[in-house]
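See below for the structure under consideration.
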Amino acid sequence: MPLICISARQFPSDDHAMKFLPCILILGLTTTPSVANERWNVLFIVSDDLTSTALSCYGNTVCQTPNIDALAARGTRFTRAYCQGTYCGPSRASFMSGYYPHATGVLGYTNPRPQIGNRPTWSEHFKNHGYYAARVSKIFHMGVPGGIEEGGDGRDHDGGNGADDERSWTERFNSPGPEWKAPGDGETLESNPDGTRPVVGGNTFVVVEADGDDLVHSDGKTALKASQLIHDHRDSPFWMGVGFVRPHVPFVAPRPYFDAFKPYEKLSLPERLENDWDDVPKAGINYKTSVNMKMDLRRQRKALGGYYASVAYMDAQVGKVLAALNDSGLQDRTIVIFTSDHGYHLGEHDFWAKVSLREESASVPLIISVPGKQPAVCDSLVELLDLYPTLSSLCGLPIPSNIQGKDISRMLDDPSHSVRDAAFSVAPMRKGFLLREDRWAYIQYGEESQQGQELFDMDNDPRQFHNLASSLDHADELSRLRTNLSKKLTTIRDNDL
Ligand SMILES: [Ca+2]
């Protein structure tokens, strides 16, 4: 009896006209799977406030992330992926809607529906094409920790949806957790020089070495729910958004995840340069620094350890979801994306957290794994905005003509392929703009650069210690980049909204 398996390795990836061929077992009779089964699933995993520098697959030698590394080992890992807004609200509204923040004007913590009208979001586009579209926890903006502390049983009738967009989903699920209130050993590191400030909520650097297991916390519940949904929907195509809230503050995780980073005194802080701020415009000094947070070296090292423990915990939850995919037999039928909404500073230039347009904050980890494609590392410039058109292309759906990202799917076959000369990101809070080319990073504060400019030679100064914006030797480069940034903003604003 012939046994023929046409594996996912033979799937066409770029030719929209061709139908995907699922794994067909021919046992005497040829069985034809249902139409619904002929499509890839999309599993979109997004961490919150995760810098690529904290992942071992991006070179970190202290914080080990074996599960994300395993995904990178079978997918394409992008080394130059950039968010379009350097904090949650604008970044998430952008990659879900398909528009740059300055196209929709969503520069804060709201969902983009009033601006986009009936135009489908990324998940809604898949839903409109017959996919089951679900989110578990944070995909559009949701307050952390505030929004995670709400939520009753975690179903949408109980609130806790943040800036969500209901029509983007077939179903949606929240994952409430205790956050900073979790029982354990907690310490507030920020604005607490005399150690008398209690553990608090809000956007504050707090570390909690928590009692109990993974399921006490939001991300553990998210992994469990996502695993159940994968199993329940294994017979129909799905677009599933799985949003983990760590390593966003508070840095809370079960105790065992902290062990690898203790004692905290042994952790190395990033290299600092004396008088590093002397050539930084005032608008370029990040909103959180070692100085204004009043964090001494002990607190800084503990912040780093707490962040790493949160990353290790989040990585373990990623592993559970990927294991569920494998156990359900869907690994060969599912495209997996792993990324973050923006990056994060862990003490570089004495900056902490997000918002900044420097490399650690504006770049994001990005891994795309398509079954059957060769693993690769891609150094081409890409944007989170590219995910919507790229996944539409990979899944054989039309790419809506209105959206502003680019189809990067060819990079998954040919990592030398390139679609843009520069990536673009904004820090609305600072009226800041970043144009990131292959060699140059140009940052401008104010649309007429009223609040200053920064120019970095990323080949010779990858840590961005030397602002060349006032160097006469680089006047032509500065002028060219400034003109290109102005053109980019004009292009972004020329849209159908
Ligand atoms: Ca975030």
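What follows draws every value from the coordinates through simple rules; no lab data is involved. Since we're looking at a predicted model, the values are computed, not measured. Virtual Cβ from ideal backbone geometry, glycine too; neighbours counted across all protein chains shown.
Tabulated data for the structure shown
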{"item": "Qualifying position, being surrounded by fewer than 23 Cβ atoms within 10 Å (Cβ to Cβ) and away from the ligand (no atom under 16 Å from the Cβ), among Ala316, Ala309", "result": "Ala316"}
{"item": "Any hit, the stretch 282-297, residues being farther than 24 Å from Pro365 by Cα, surrounded by fewer than 18 Cβ atoms within 10 Å (Cβ to Cβ) and touching a Pro at 6+ places or on another chain (Cβ under 9 Å)", "result": "yes"}
{"item": "Unique residue being hydroxyl-bearing (Ser, Thr, Tyr) and under 13 Å from the mean Cα position of the chain (by Cα) when the list is Ser94, Ser123", "result": "Ser94"}
{"item": "Filter result for the condition that a residue is within 16 Å of the ligand (Cβ to nearest atom), touching a residue at least 60 places away in the same chain (Cβ under 8 Å) and hydrophobic (A, V, I, L, M, F, W, C), over Leu330, Leu346", "result": "Leu346"}
{"item": "Cβ pairs under 8 Å, 6+ apart, first in the stretch 214-236 and more than 18 Å from Trp169 (Cα to Cα) and in contact (Cβ under 8 Å) with a residue 40 or more places away in the chain, second part of a helix (DSSP H, G or I) and among the aromatic types (Phe, Trp, Tyr)", "result": "Asp214/Tyr313; His217/Tyr313; Asp219/Tyr313"}
{"item": "Ser91 being in a helix (DSSP H, G or I), touching a residue at least 40 places away in the same chain (Cβ under 8 Å), within 16 Å of the ligand (Cβ to nearest atom) and closer than 30 Å to Asn495 by Cα", "result": "yes"}
{"item": "Output for the stretch 439-497, where each listed residue is among the acidic types (Asp, Glu) and touching a strand residue (DSSP E or B) at 6+ places or on another chain (Cβ under 6 Å)", "result": "Glu454"}
{"item": "Count of residues meeting criterion [over 19 Å from Asp49 (Cα atoms) and touching a residue at least 40 places away in the same chain (Cβ under 8 Å)] in the stretch 293-315", "result": "4"}
{"item": "Tally, over the stretch 236-273, of residues that are more than 19 Å from Gly184 (Cα to Cα), in a strand (DSSP E or B) and within 16 Å of the ligand (Cβ to nearest atom)", "result": "3"}
{"item": "Test: residue in the stretch 203-220 that is of a type outside the set (Asp, Glu) and over 26 Å from the mean Cα position of the chain (by Cα)", "result": "yes"}
